[in-house]
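K.L.:
Pasting a structure below so you can have a look.
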Amino acid sequence: MLSFRAGLAILLSTAIIALPAFATTTTAHAHRSSTSSHSHRLRHKAVKSHRIHGQQIIDSARATEIQQALIREHYLSGEPTGKWDAETQAAMQKYQSDQGWQTRLMPDSRALKKLGLGPDYSEAINAKTSTFADPTPSSSIPAGQAAGFAAASGTNQ
């Protein structure tokens, strides 16, 4: 029995000693493959992250409009140049700050609307032919129809 135990002890000792050698090789291989795919993902993300989003420059005609509005509101002095320069940016940021809005490098849409430079809907479908008349007075609604409205809404007249 002693020789069986001695053989078993030798076998287990050998396995314990050899196991880290195999584990290191496997781990190194797994690490290399994960590092390889990880660096590939990083390179792929780096390409995507270089895409610039949003408006980057302001057209000179639009810059002139903004400058005219800022001059009218006394945030900018002089004549409009059509260039989105540091002085114009500072004036726009001051205007936005005075309104309690977050200052950004590009003009905030709320600021442009308040300066009268919001979207123009004059060319929209039916913009020229539409009317915004006041609703008809309730006295002109027939009594039966008014009673029907009141009954449907659950209110008393």
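Every number in this text was worked out from the coordinates using simple rules, so none of it is lab data. Quick caveat: nothing in here was measured; it's all calculated off a predicted structure. Virtual Cβ from ideal backbone geometry, glycine too; neighbours counted across all protein chains shown.
K.L.:
Viscosity 0.692 mPa s, temperature 37 °C: what is the translational diffusion coefficient of region 60-114 from Stokes-Einstein with a Kirkwood Rh over Cα pairs, rounded to a whole number of µm²/s?
P.N.:
On the way: Rh = 10.9 Å.
Once the numbers are plugged in, D ends up at 301 µm²/s.
K.L.:
List Tyr75, Tyr121 from most exposed to least, where exposure is judged by having the fewest other Cβ atoms within 10 Å. Before the final figure, lay out the partial values.
P.N.:
Values: Tyr75 19, Tyr121 8.
Least to most surrounded, the residues fall as Tyr121, Tyr75.
K.L.:
Assuming R0 = 30 Å, what is the FRET efficiency of Ala124 and Ile57, from their Cβ-Cβ distance, to the nearest 0.05? Walk me through the numbers on the way to the answer.
P.N.:
Numbers: r = 27 Å, r/R0 = 0.91.
Approximately 0.65, to the nearest 0.05.
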